[in-house]
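Engineer: Can you read through this structure? Questions will come right after.
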Amino acid sequence: MMNAAGSLGFSPDLHSPVDWSRLGAFVTNPVSLQPRTAARGSRFSTFPGGFLLHSGYPNLGLTNTLRRYSKHWNASPLPVIVNLLASSVEEVMRMARQLEPVEGVTGLEISLPNNATPELVQAFTRAALGELPVIVRLPVERSTELASGAINAGASAISLAPPRGAFRDQKGAWVQGRMYGPSVYPFSLRVVQELSQIGVPTIGAGGVTNLEQVNAMLAVGATAVQLDSIFWREAGYNIFP
Amino acid sequence: MGHYRGRVTEIRFELNRHLEAFIACPSQAVPHAGQYLLASDPDDPSASLGSSLFLAGQTSQGFWAVPSMPVTWKPGANLNLAGPLGHGFNLPANVQRLGLVGLGDTLARLMPVIQQFAASQGSMTLFSDLPLPEAPAALEAYPLASLVDALDWPDFIAFDLSLERVSELRDTLKLPMNSGLPCPAQALIISSMPCAGMAQCGACALPARRGWKLVCEDGPVFDLQSIKW
């Protein structure tokens, strides 16, 4: 098990109640080349069985992130996988090369735009390849279409980004964002099963809230499982008691 | 931060028709005014997230919690509690004239500040258009519109306002750009805090003098001068 990008911040907080011994790796929040501020407008809304989050993935940018967190990565008891949020092949390449010599970083996970084409997936993957293993985080809705391209281009595995959803809230405002919560799980499980059947090494993710669901994802072929908002329910306590 | 067990013993509507609940729990779990406690019902696996509870009143058995509780909570429900979390109100000891401004959806979160200050010899005045709960006799209350002409009165102001209204605060106070309040002030910012400080997820990001701050982690109570408004 590991955390999903965006679920536990930029470095493991060893003073938090999270039982780090239950995790095999730590995945950072998405990091972009330039600093990003939080999204404007409605960022969070609930629905029965889950919630939508549209945060804009605020972060300090790679240089400032390295300045602030690389010491923590080096001291981390877990292997650290840095999630890269890039908007071009050149950015992927620059960030990957900048991260390769950083002590404690043991892998890269590349997030892709929702409208990524198979060609872009391959180009991003190749640009990231170097000294570190590369995981490609695909939009779960399009993962069966895009996964083979990532693996053929040299990715070690693919992981699944939350699906995107939208609805009108009680005030009639249109809200959209990434979907989290238990209602996402059945869809995620089906996708993991399909990807495994075509031989794609897949890190399952999406709506996992208990150990039975982790085991079910492993049973249908996931090589590992990422957890997300389950860490937030009790501020890191009682993840899987 | 600690982890505790609690129990819902009573649920009622407060004046603004929000549900508030009495949570029986150890005294260490009770948040200070402006802090929050993350509560979840272990018997409700469909709940995606915990609820952020604020202090409205305290007894030796526990505390009255706001804002609106999940409708699935019933008296007798057991809760897992994590916290207290965040930074609460911290009134300077020498405050003589306390102004309170209610710009949120309830005045209940300001009540602990009012109760606490009532024990001092100072004066306090509340400015809000919300219905006033039972309050100490020492509290004077005025409509929000009166605040503009009374800004010179307090030597400290405690605000309760929603994240959406932070950008309107200057207009509400009719203050020109680049001018501040005549006295120090703290603001309890009310926002959804889905990650409760675990992830810096950004849902509660607030523009600050430099960059942004997170309500869940850096607040929920801020010195007003540290945020952009």
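Engineer: With the dipole of the protein assembly as shown worked out from charges on the C-beta (+1 for Lys and Arg, -1 for Asp and Glu) around the Cα centre, which of A:Gly172, B:Leu206, B:Val113 lies farthest toward the positive end?
Structural biologist: B:Leu206
Engineer: For A:Ala75 paired with B:Asp155, estimate the spin-label separation in nm (one decimal), with each label point 7 Å from Cα along the Cα-to-Cβ line.
Structural biologist: With each label point 7 Å from Cα toward Cβ, the separation is 4.3 nm.
Engineer: Based on the inverse mean of 1/r over its pairs of different Cα atoms, what is the Kirkwood hydrodynamic radius of chain A, in Å?
Structural biologist: Hydrodynamic radius (Kirkwood, Cα only) of chain A equals 18.0 Å.
Engineer: Under the rule of at least 5 residues apart or a separate chain, name every residue whose amide H is placed under 5 Å from the amide H of A:Phe10.
Structural biologist: Under 5 Å from the amide H of A:Phe10 lie the amide H atoms of A:Asn29, each far enough along the sequence or on another chain.
Engineer: What is the average number of partner chain Cβ atoms found within 10 Å of a Cβ in B:200-211?
Structural biologist: The mean count of partner-chain Cβ atoms within 10 Å per residue comes to 6.
Engineer: Work out from phi, with θ = phi - 60° and the Karplus expression 6.51 cos²θ - 1.76 cosθ + 1.60, the ³J(HN,Hα) of each residue of the stretch B:46-59, listed in order in whole Hz, and give x for Gly and Pro.
Structural biologist: Going residue by residue, I get 7, 6, 6, 9, x, 10, 8, 9, 10, 6, 10, x, 9, 10 Hz, with x marking Gly and Pro.
Engineer: Taking amide H atoms as placed 1.01 Å from N in the peptide plane, list the residues 5 or more away in sequence, or in a different chain, whose amide H sits under 5 Å from that of A:Ser88.
Structural biologist: Residues meeting the amide H criterion: none.
Engineer: Which residues does the label zone of B:Ser68 cover in the stretch B:1-26, counting backbone N under 20 Å from a point 7 Å along Cα→Cβ?
Structural biologist: Taking a point 7 Å out along Cα→Cβ of B:Ser68, the residues of the stretch B:1-26 whose backbone N falls under 20 Å are B:10-23.
Engineer: Please identify which residues in the stretch B:175-205 have an amide N closer than 14 Å to a label point set 7 Å out from the Cα of A:Lys171, following the Cα→Cβ vector.
Structural biologist: B:190-192
Engineer: Now, a different point. Would you please calculate the Kirkwood hydrodynamic radius of the stretch A:13-155 over all C-alpha pairs and express it in Å, rounded to one decimal?
Structural biologist: 16.2 Å
Engineer: Okay, next question. Applying 1/(1 + (r/R0)^6) with R0 = 30 Å to the Cβ-Cβ distance of A:Phe187 and A:Ser88, what FRET efficiency is obtained, to the nearest 0.05?
Structural biologist: Efficiency, from the Cβ-Cβ distance: 0.50.
Engineer: Moving on to the next point. Against the globular-protein guess of 2.2 N^0.38 Å, express the Cα radius of gyration of the stretch A:4-89 as a ratio, rounded to two decimals.
Structural biologist: 1.20
Engineer: How fast does the stretch B:108-166 diffuse by Stokes-Einstein, in µm²/s, taking the Kirkwood radius from C-alpha pairs at 37 °C and 0.692 mPa s?
Structural biologist: So the translational diffusion coefficient is about 264 µm²/s.
Engineer: Just to verify a number: FRET efficiency for A:Asn238 and A:Gln98, C-beta to C-beta distance, R0 = 60 Å, to 0.05?
Structural biologist: On the way: r = 38 Å, r/R0 = 0.63.
FRET efficiency, A:Asn238 to A:Gln98: 0.95.
Engineer: What is the distance, in nm, between label points placed 7 Å from the Cα along the Cα-to-Cβ direction at B:Arg170 and at B:Lys228?
Structural biologist: 1.1 nm
Engineer: Mind putting a number on the dipole of chain B about its Cα centre? Charges go on the C-beta only, +1 for Lys and Arg and -1 for Asp and Glu, and I need it in Debye to the nearest 20.
Structural biologist: About 360 debye.
Engineer: How big is the charge dipole of the stretch B:103-155 about its Cα centre, in debye rounded to the nearest 20, if each Lys and Arg gets +1 on its Cβ and each Asp and Glu gets -1 on its Cβ?
Structural biologist: So the dipole magnitude of the stretch B:103-155 works out to roughly 180 debye.
Engineer: Which FRET efficiency, nearest 0.05, do A:Thr106 and A:Thr46 yield, Cβ-Cβ r, R0 35 Å? Before the final figure, lay out the partial values.
Structural biologist: Working: r = 36 Å, r/R0 = 1.01.
Computed FRET efficiency for A:Thr106 and A:Thr46: 0.50.
Engineer: Please list 3J(HN,Hα) in residue order for the stretch B:34-43, calculated via the Karplus relation 6.51 cos²θ - 1.76 cosθ + 1.60 where θ = phi - 60°; whole Hz, with x for glycine and proline.
Structural biologist: For the stretch B:34-43, the Karplus-derived couplings read x, 7, 9, 10, 8, 10, 9, 8, x, 8 Hz, x marking Gly and Pro.
Engineer: Identify, among B:Ser123, B:Ala82, B:Ser52, the residue whose Cα sits farthest towards the positive end of the charge dipole of the stretch B:52-204, taking +1 on the Cβ of Lys and Arg and -1 on the Cβ of Asp and Glu, with the dipole about the Cα centre.
Structural biologist: Farthest towards the positive end: B:Ala82.
Engineer: Zone of A:Thr37 (label point 7 Å along Cα→Cβ, backbone N under 14 Å): which residues in the stretch B:203-226?
Structural biologist: Of the residues in the stretch B:203-226, B:205-214 have backbone N under 14 Å from the label point off A:Thr37.
Engineer: Please enumerate, by chain and number, the lysines with C-alpha under 26 Å from the C-alpha of B:Lys174, excluding those fewer than 8 residues away in the same chain.
Structural biologist: Within reach: B:Lys213, B:Lys228.
Engineer: Okay, next question. Taking just the alpha carbons, could you work out the radius of gyration and Dmax for chain B, both in angstroms?
Structural biologist: When restricted to the Cα atoms of chain B, Rg and Dmax are 17.4, 52 Å.
Engineer: From other protein chains only, count the Cβ atoms within 10 Å of every residue's Cβ in B:48-54, then give the mean.
Structural biologist: Shielding by partners across B:48-54 averages 5.
Engineer: Stokes-Einstein D for the stretch B:52-110 at 25 °C, 0.890 mPa s, Kirkwood Rh over Cα pairs, in µm²/s?
Structural biologist: 173 µm²/s
Engineer: State to the nearest 20 debye the size of the charge dipole of the protein assembly as shown about its Cα centre, where the only charges are +1 on K and R beta carbons and -1 on D and E beta carbons.
Structural biologist: That gives a dipole near 580 debye.
Engineer: Simple spin-label model, 7 Å along Cα-to-Cβ: B:Gln121 to B:Val148 in nm?
Structural biologist: Reported label-point gap for B:Gln121 and B:Val148 is 3.6 nm.
Engineer: Among B:194-206, B:113-125, B:154-166, what's the highest-first ranking by average C-beta atoms within 10 angstrom per residue?
Structural biologist: Top to bottom by mean Cβ count within 10 Å: B:194-206, B:154-166, B:113-125.
Engineer: With point charges of +1 on the Cβ of Lys and Arg and -1 on the Cβ of Asp and Glu, referenced to the Cα centre of the stretch B:156-229, which listed residue (B:Ile157, B:Leu224, B:Met177) lies farthest in the positive direction of the dipole?
Structural biologist: Towards the positive end, the residue furthest out is B:Met177.
Engineer: A:Ala25's amide H: which non-local residues (gap 5+, or another chain) put their own amide H closer than 5 Å, with H modeled 1.01 Å from N in plane and none for Pro or chain starts?
Structural biologist: Under 5 Å from the amide H of A:Ala25 lie the amide H atoms of A:Asn3, each far enough along the sequence or on another chain.
Engineer: Taking every pair of alpha-carbon atoms in the stretch A:145-241, what share in percent sits in each 5 Å bin, from 0 to the bin with the longest distance?
Structural biologist: 2, 13, 21, 20, 17, 13, 8, 5, 1, 0
Engineer: Assuming 0.890 mPa s and 25 °C, estimate D for the stretch B:1-95 with Stokes-Einstein, Rh taken as the Kirkwood radius over Cα pairs, in µm²/s.
Structural biologist: Calculated translational D: 182 µm²/s.
Engineer: Which three extents, in angstrom, do the Cα atoms of the protein assembly as shown have along their principal axes, listed largest first?
Structural biologist: Computed over the Cα atoms, the extents are 74, 51, 44 Å.
Engineer: Given only helices, namely DSSP H runs of n ≥ 4 each adding -39500 (n - 2.57), what is the per-residue ellipticity at 222 nm of the protein assembly as shown, to the nearest 500 deg cm²/dmol?
Structural biologist: Working: 11 runs with 93 residues, N = 470.
After summing the helix terms and dividing by the residues of the protein assembly as shown, the value is -5500 deg cm²/dmol.
Engineer: Whole-Hz ³J(HN,Hα) for each residue in the stretch A:22-36, computed from phi via Karplus 6.51 cos²θ - 1.76 cosθ + 1.60 with θ = phi - 60°, x for glycine and proline: what do you get?
Structural biologist: 3J(HN,Hα) across the stretch A:22-36, in whole Hz: 7, 9, x, 6, 10, 10, 6, 4, x, 10, 9, 5, 9, x, 10.
Engineer: How shielded is A:35-47 by partner chains, expressed as the average number of their Cβ atoms within 10 Å of its Cβ atoms? Write out the running numbers ahead of the final one.
Structural biologist: Details: counts 1, 1, 5, 10, 3, 1, 1, 3, 9, 10, 2, 5, 1.
Average neighbour count from other chains, rounded to a whole number: 4.
Readers should treat all values here as calculations from the given coordinates under stated rules, not as data from a laboratory. Keep in mind it's a predicted model, so treat the numbers as computed, not measured. Cβ: placed from backbone, ideal geometry, glycine included. Neighbour counts: every protein chain shown.
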